[in-house]
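Below is one structure, written out as structure tokens; the observations come after it.
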Amino acid sequence: MTAVEKRLTLDNVDMLSLLGINDSNLKIVEDRFNAAITVRGENVMLKGVIEEVELIEKIFNEMSYVLNTSGKLTNDDVQTILNLTVEGKEIIDEKEFDSIVLYTKHDAIKAKSAGQRKYVEAATKNDICFAIGPAGTGKTYLAVAIAVAAMKKGLVKKLILARPAVEAGESLGFLPGDFREKIDPYLKPLYDALDDMMPSDKLRSYLEKGIVEIVPLAYMRGRTLNNAFVILDEAQNATAMQMKMFLTRLGVNSKAIITGDITQIDLPPKQASGLVQARDILSGIKGVSFVYFNRADVVRHRLVKDIIDAYEKFNGNGE
């Protein structure tokens, strides 16, 4: 095949950060292709078969975007961008730059609805964000993505995910295994989300070192969480006392996202939901935001919207 030459001019890009320490980012790209890549100032000279030259151009554009939007570009970022581009997946839609939350080993996680975009913005700008709405709206998945992105950027040093185990009374005692084995089924959705967003070996290492924790809500008592991103999932099943306990755990340079569906409260009839109470008490406090989802934000199977509608009609107001 005939070789082609092309010059890329990368304006408004920190070339040292783009290329990486000792050109480590550049070497990742060079190792993947046969084309020659020469960098001179802000110019990148490419020489090779046209298919490779076009792919490398896309990769450098994606690298520049990630660096300019997040302020850093790691080797993992470059590897992810490279893999997705080679597989022919569109990483960036120019009309939706602000919708991208996190690059993963499979794809780029984006806000897919107006409600989700509002959610990402609120969680980014505020230290505490409540996300309330029906199943399938991406509340938990996006919360984990936002938290992982914050840790990846170095904004926090720890990631803590918690869930209330409302059935951890009589029924839990009949399950086999020790307490950790009994409680893990309640926490599995959080494990699943993290597994989508981190390499398995890195996630395992983070869990072993306590950099990432997935715990029952009761385990939060008595702690002060500094430099951490904390997520409380299924918060409609937290009692008022548990909710206050959780919110007062936040320490210096920490953020929290609380997700829940107030139509799916599993607490005893006379037990008030801490999520409902927090909504009534904390609305209007600066630094605390509330985002509400509806059926238009459902991103699961198309039938989920119809199922939600049917239950709302059956229950009257849905609450």
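Taking into account only those residues within the stretch 32-51 that are at pLDDT below 90 and crowded, with 19+ Cβ neighbours inside 10 Å, which is farthest from Met15 (Cα to Cα)?
That would be Gly48.
Can you list residue pairs whose Cβ atoms sit under 6 Å apart, with the first residue in the stretch 143-172 being of a type in the set (Lys, Arg) and the second being at pLDDT 90 or above? Count only pairs 6 or more apart in sequence or on different chains.
Close Cβ pairs satisfying both conditions: Lys157/Asn227; Lys158/Ile211; Lys158/Ala228; Arg163/Asp233; Arg163/Glu234.
Please specify each residue of the stretch 1-32 satisfying the condition of being within 14 Å of Leu82 (Cβ to Cβ) and in contact with a Gly (Cβ under 7 Å, 6 or more places away or on another chain).
Leu26
Considering Asp184, Asp192, which residue is modelled with pLDDT under 90, part of a helix (DSSP H, G or I), open to solvent by 60 Å² or more (accessible area, probe 1.4 Å) and of a type outside the set (Lys, Arg)?
Just a single option satisfies the conditions, and that option is Asp192.
Evaluate the stretch 134-147: report whether one residue or more is open to solvent by 40 Å² or more (accessible area, probe 1.4 Å) and at pLDDT 90 or above.
Looking through the stretch 134-147, at least one residue is open to solvent by 40 Å² or more (accessible area, probe 1.4 Å) and at pLDDT 90 or above.
Please give the number of the condition Leu267 fails out of (1) more than 25 Å from Ala149 (Cβ to Cβ); (2) assigned to a helix (DSSP H, G or I); (3) open to solvent by less than 40 Å² (accessible area, probe 1.4 Å).
Status for Leu267: all satisfied but (2).
The values are calculated or read from the model by the stated rules, or taken from the named source; none is laboratory data. Given the structure is predicted, the values throughout are model-derived calculations rather than measurements. Backbone-built Cβ (ideal geometry, glycine too); neighbour counts: all protein chains shown. These accessible areas exclude ligands, DNA and RNA; they are computed on the full protein's heavy atoms, side chains included. Shrake-Rupley method; radii C 1.70, N 1.55, O 1.52, S 1.80 Å.
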